[in-house]
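First up is the structure itself, then whatever we jot down about it.
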Amino acid sequence: MATDVRTVVQFATATRALSLLLQAVFNGVIPDHEAEAFIPPRTDEPRYLDPAVDWLLGGLSRWDAEHFLFIAERGYLYEHSFAFFPLLPVFLRGLAETLLWPFSGWLTMRGRLLLAVAFGNSGLFLLSTLALHALSGTVLRDRRLALLSSLLYCLTPANVFMLAGYSESLFATLTFGGLFLLEKGLTFRACLALGMATATRSNGLVNIGFLLYLLSLRAMSWIRECHTSGKGYGALCHCSWIVIRLLSTALLGTVIIALPFGAFQYYGYKTFCFPSLSMERIPHGLLSLAERKRYRLPDENVPPPLWCVGLLPVLYSHVQDVYWDVGFLRYYHLKQIPNFLLALPMATLGITAAYGYYRANPDVFLTLGLWEMGANNKQLDKPCTHGFLSPRVFVYVVHCTALLCFGTLCMHVQVLTRFLASSSPVPFWISGHLLLLNEPLLRNKMAQTTHDMQSQTHVSSGDGCEHMPHLNPLTALLPQWRACSLTTQCILGYFISYWLLGLALHCNFLPWT
């Protein structure tokens with residue numbers, strides 16, 4: 001297992017370094033597209049190293065990254081900024097004010113924030129890779145699939161969003177880490193991590209489902225234990241106490257996970273429904289931008305917005321509706337067909353995972369995986385106990401399918417790739433499962449590697465040096481590309497092409513997922 005972790009860390013580190021290098025090259029070679037994106041005026045005088053940092057890392061500040069950087073630098077000045085949750089800006093500002101403070105004489109706050117994006121998100125991606133590997137090992141109980149899924153994650157199609165000033169890396173770290181803690185029974189720590197995920201992205205609220213489902217599994221297990229242990233007053237009291245404890249845990253955990261969302265909405269409500277900000281404190285350039293783009297400011301001299309008097313004054317819903325035009329089937333226009341095609345590969349993986357899992361485990365779907373079906377309380381066909389088709393994966397497949405349906409019907413569909421890649425391990429589990437199922441070269445390679453590790457961890461060379469055997473099955477497949485199966489070529493081709501194209505297009509204000 002330690003060898004697998006080392007392999008994952010090395011590959012994740014290599015892909016992060018290569019991504020940083022390639023985004024700088026693409027940003028320097030490809031001219032920027034004149035996009036209608038949020039680009040606030042620079043109100044601070046550039047310092048000595050700002051031009052160099054902007055040239056090297058400017059590609060990390062495109063599209064929505066500009067919003068996060070602006071919030072980290074200026075706070076929640078505009079109403080539409082409340083579409084972006086606060087934990088990433090707080091994290092970036094913290095790095096800029098602490099570890100990068102020695103550069104304050106040579107870099108403006110924006111320059112230090114760009115450095116914080118580059119190093120902070122690279123470190124977070126590495127942590128998310130380790131969290132995914134730990135979660136995969138715990139849930140799948142298949143060392144080969146856990147390793148392969150983690151290596152595929154290093155080549156995620158959402159690569160550029162894991163690197164740029166977006167919240168995907170932070171959210172993936174907290175989500176995968178929180179789910180791992182939840183699987184290990186460390187419920188309070190898991191809820192804290194998942195609560196921080198909710199402070200990063202709104203869909204962190206959906207993780208409450210994992211808490212309730214896993215607690216339900218434990219409840220069913222304890223109820224069966226109480227039933228078999230006999231009847232009587234003592235057994236009844238014991239079972240009652242278990243039910244009360246589970247309900248209390250579920251209630252407290254739900255509050256912890258949902259609290260950041262509620263607190264953030266309350267902050268937005270106080271900011272715009274009871275404004276106290278003086279316009280004289282805002283730089284003229286930012287006021288001019290608000291007037292030109294019709295951005296609402298928390299101005300105490302104007303009436304509060306209409307959403308403040310609504311039955312449920314949630315600013316996030318208002319911003320998504322008015323500024324981003326997010327809603328049921330609103331994105332279904334002929335001109336959006338290219339964006340649907342961009343999201344099609346990720347949607348296909350999600351559909352394949354749900355359909356394949358249902359075909360293999362129809363009983364698990366019928367019982368929600370909470371109890372067994374069959375005559376005399378015995379299963380007629382016992383499902384796999386490890387791998388992607390095991391009953392433990394059921395709740396993850398349901399979660400991924402729910403996100404897929406919501407993203408396809410109610411969101412800007414091109415974000416589906418990064419939406420699923422940072423929220424669910426299923427796209428990587430099903431990809432690894434299909435590779436192991438359909439690629440003989442991969443099965444032979446991983447079997448040979450396992451045999452080599454068991455027989456001899458190190459291979460000594462003639463000069464007395466010791467070398468580790470080749471442990472990365474993905475890089476071993478690439479030189480044999482033509483001999484690979486069609487499934488392998490499709491999956492790896494999708495991962496690698498999106499990994500590269502995202503860096504080239506997104507970093508130059510060109511449309512991407």
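All of the numbers you see were taken from the coordinates with simple rules; none came from a lab. This one's a predicted model, so the numbers in the text were calculated from it and none came from an experiment. Heads up, the Cβs are rebuilt from the backbone with ideal geometry, glycines too, and the neighbour counts pull from every protein chain shown.
3J(HN,Hα) couplings calculated from phi for segment 332-341 with the Karplus curve 6.51 cos²θ - 1.76 cosθ + 1.60 (θ = phi - 60°) are, in sequence order, 8, 9, 4, 5, 8, 4, x, 5, 5, 5 Hz; Gly and Pro show x. Between Q10 and T43, the simple spin-label model (points 7 angstrom out along Cα→Cβ) gives 5.0 nm. On a per residue basis, the convex hull of the C-alpha atoms belonging to segment 200-330 measures out at 164 Å³. Highest-first packing order for the peptide set 22-30, 116-124 is 116-124, 22-30, based on the mean count of other beta carbon atoms within 10 Å. Scaled against 2.2 N^0.38 Å for its residue count N, the alpha carbon radius of gyration of the chain is 1.06. Between L344 and D299, the modelled label-to-label distance comes to 4.7 nm, taking each label 7 Å out from Cα in the direction of the beta carbon.
For L277, the residues whose modelled amide H falls within less than 5 Å of its own, excluding neighbours fewer than 5 places apart on the same chain, are E300. For segment 271-371, the calculated P(r) over all alpha carbon pairs, in 10 Å bins from 0 to the bin holding the longest distance, is 11, 23, 20, 21, 14, 9, 1 percent.
Taking other Cβ atoms within 10 Å as a rough exposure proxy, L192, L114, L212 sort from fewest to most as L212, L192, L114. Ellipsoid fit via the Cα gyration tensor, segment 1-118: semi-axes of 26, 18, 17 Å, each the root of five times an eigenvalue, largest first. Per-residue Karplus couplings for segment 482-499, computed as 6.51 cos²θ - 1.76 cosθ + 1.60 with θ equal to phi - 60°, are listed in order as 5, 8, 6, 5, 4, 4, 4, 5, 5, 5, 5, x, 5, 4, 5, 5, 5, 4 Hz, Gly and Pro entered as x. For the pair L441 and T352, label points projected 7 Å from Cα toward Cβ lie 1.7 nm apart. The residue among L289, L56, L95 whose Cα reaches farthest toward the positive pole of the charge dipole of the chain, with charges on the beta-carbon of Lys, Arg, Asp and Glu, is L95.
Ranked from largest, the principal axis spans of the Cα set of segment 159-231 equal 59, 19, 18 Å. The helix-based estimate of mean residue ellipticity at 222 nm for the chain, built from -39,500 (n - 2.57) per DSSP H run of four or more residues and divided by its residue count, is -20500 deg cm²/dmol to the nearest 500. For segment 140-194, trypsin sites (Lys or Arg not before Pro) meeting the loop criterion (DSSP other than H, G, I, E, B) and having at most 14 other Cβ atoms within 10 Å: K184.
Quarter the surface of the alpha carbon convex hull of segment 84-235 and you get the mean projected area, 11.8 square nanometres.
Of the two radii for segment 289-331, the radius of gyration is 1.02 times the Kirkwood radius, both from the alpha carbons; that is the Rg over Rh value.
Length, then width, then depth: along the principal axes, the Cα atoms of segment 12-53 run 36, 28, 19 Å. Counting 0.36 nm for each residue step from S288 to A402 and taking away their Cα separation leaves a gain of 36.9 nm. Each residue of segment 314-328 was assigned a 3J(HN,Hα) from its phi angle through the Karplus expression (A = 6.51, B = -1.76, C = 1.60, θ = phi - 60°), giving 9, 5, 4, 5, 4, 5, 4, 6, 7, 8, 10, 6, 8, x, 4 Hz with x at Gly and Pro.
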